[in-house]
Amino acid sequence: MGIIGDRGLMEKITFNNEQLEFLKFIVQDFEYNDDHERYMIEQIENKIYQAQENQMLKVIGGMS
């Protein structure tokens, strides 16, 4: 799951595990050109990791 924003306007989008892994692969391979792009990539990576962690916690929570 992720949030994409543009000038304060936000839209919530949902990814399944396969899509999230693919997005992570694409983002990790992205070659940024400046500090702003690097910052944006780092923010996206953080959101991906948070989403994956949340999914894992849901799976673990469902096992108990």
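A short reminder: the numbers here are calculations on the coordinates, not readings from a lab. Keep in mind that what you see is a predicted model, and the values were worked out from it rather than measured. Glycine also receives a Cβ, built like all others from the backbone with ideal geometry; neighbour counts cover every protein chain displayed.
Evaluating ILE44 against the criteria (1) touching an Asp or Glu at 6+ places or on another chain (Cβ under 9 Å); (2) surrounded by 12 or more Cβ atoms within 10 Å (Cβ to Cβ) leaves one unmet condition, (1).
Reported count of residues in region 10-45, each being of a type in the set (S, T, N, Q) and touching a residue at least 24 places away in the same chain (Cβ under 8 Å), is 1. For the structure I just gave you, tell me whether ILE26 is among the β-branched types (Val, Ile, Thr), touching a strand residue (DSSP E or B) at 6+ places or on another chain (Cβ under 9 Å) and in a helix (DSSP H, G or I). Against the criterion (among the β-branched types (Val, Ile, Thr), touching a strand residue (DSSP E or B) at 6+ places or on another chain (Cβ under 9 Å) and in a helix (DSSP H, G or I)), ILE26 does not qualify.
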